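The values are calculated or read from the model by the stated rules, or taken from the named source; none is laboratory data. Just so we're clear, the structure is a prediction, and the values are computed from it rather than from any experiment. Here the Cβ is made from the backbone with ideal geometry for all residues, glycine too, and neighbour counts use every protein chain on show. Calculation scope for accessible area: heavy atoms of the full protein, side chains included, ligands and nucleic acids excluded. Shrake-Rupley method; radii C 1.70, N 1.55, O 1.52, S 1.80 Å.
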Amino acid sequence: MKDKVSSKIVESWLKGWCLSRETSFPVSYKSGFHVVVGDEKQKERFVFPELNDDFFQLTNSIDEPWIYLKVSTSPDELISKIPERWQLQSQGYMMTCFHPMEFPDTSLAEGYHLEFSDYNTTFVITIVAENGEQASIGRISLIDDVAVYDRIITEKSHQRKGLARFLLKELEKIALSKGFYKNILVATEEGKLLYETLGWKLYCLHTSIVIPLED
């Protein structure tokens, strides 16, 4: 894990995230970045490569729900220093793979087929079951000099069939065919374990807080 997080890598990841989600690009906000997302449960997001006063000033000035603050540090570094209205979210892990992924012999499980689509510079692969049900889906957005992987999901009823590995291999083929050899993503705890088996390395923690809407 990096001691010093690169602002450029964080910005490239965030730009890829915006391409995937079809939102406007991030703009600079002090030492970090700001994105107007526009979703009901994510109005905006502020992303900081490091924890500093810029982050803490926002925790004190924002009292509106569904504005996310994200920072490349451990939650232990901030949780006792922010107002109680903020709620810590599930831990994220920013990961990189700057070499070809390490796949065992991988083939698509019987009874499934691939479907491809694209928009902007984002490429989508869907794995579809025989009954037409979406089994797995994932995206890569190509921006700057990196391929940003996003929303890699396998439905529970289709897990443990190697679909996610096959999907990642096919996404990587697209990136390589376009000349993109550097890969980056933000993983969940579960996803992190899979990516590590494929040669990805933890770059930094990705910690998120938000004020939820009170019932």
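Going by what's in this entry, would residue 45 be described as more than 13 Å from residue 204 (Cα to Cα), among the charged types (D, E, K, R), open to solvent by less than 40 Å² (accessible area, probe 1.4 Å) and not in a helix (DSSP H, G or I)?
Details: more than 13 Å from residue 204 (Cα to Cα): yes; among the charged types (D, E, K, R): yes; open to solvent by less than 40 Å² (accessible area, probe 1.4 Å): yes; not in a helix (DSSP H, G or I): yes.
For residue 45, the condition - more than 13 Å from residue 204 (Cα to Cα), among the charged types (D, E, K, R), open to solvent by less than 40 Å² (accessible area, probe 1.4 Å) and not in a helix (DSSP H, G or I) - is met.
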Quick one: would you say residue 88 is open to solvent by 60 Å² or more (accessible area, probe 1.4 Å), among the aliphatic types (A, V, I, L, M) and at pLDDT 95 or above?
-> yes
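Is it true that residue 123 is touching a helix residue (DSSP H, G or I) at 6+ places or on another chain (Cβ under 8 Å) and either in contact (Cβ under 8 Å) with a residue 24 or more places away in the chain or not in a strand (DSSP E or B) (or both)? Walk me through it before giving the result.
Numbers: touching a helix residue (DSSP H, G or I) at 6+ places or on another chain (Cβ under 8 Å): yes; either in contact (Cβ under 8 Å) with a residue 24 or more places away in the chain or not in a strand (DSSP E or B) (or both): yes.
Spelling it out, residue 123 is indeed touching a helix residue (DSSP H, G or I) at 6+ places or on another chain (Cβ under 8 Å) and either in contact (Cβ under 8 Å) with a residue 24 or more places away in the chain or not in a strand (DSSP E or B) (or both).
Taking segment 190-204 on its own, how many of its residues are under 12 Å from residue 90 (Cβ atoms) and more than 12 Å from the chain's Cα centre (by Cα)?
1
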Given 174, 127, 143, 82, which one is closer than 29 Å to residue 58 by Cα and over 16 Å from the mean Cα position of the chain (by Cα)?
-> 82
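Can you pull out every residue in segment 1-19 that is part of a loop (DSSP other than H, G, I, E, B) and open to solvent by 100 Å² or more (accessible area, probe 1.4 Å)? Steps first, answer last, please.
To start, the set of residues in segment 1-19 that are part of a loop (DSSP other than H, G, I, E, B) comprises 1-6.
Residues satisfying the conditions are 1, 2, 3, 4.
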Odd one out for residue 5, checked against (1) modelled with pLDDT under 95; (2) β-branched (Val, Ile, Thr); (3) under 26 Å from residue 173 (Cβ atoms) = (3)
Wholly within segment 144-215, strands (runs of 3 or more DSSP E) carrying at least 1 residues that are open to solvent by 20 Å² or more (accessible area, probe 1.4 Å) and under 20 Å from residue 20 (Cβ atoms) = 146-154, 182-187
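Among the listed residues 105, 54, which satisfies the condition of being part of a helix (DSSP H, G or I), without any contact (Cβ under 8 Å) to a residue 40 or more places away in the chain and of a type outside the set (Phe, Trp, Tyr)? Working first, answer last.
On the way: 105 fails: part of a helix (DSSP H, G or I).
None of the other options fit; the residue is 54.
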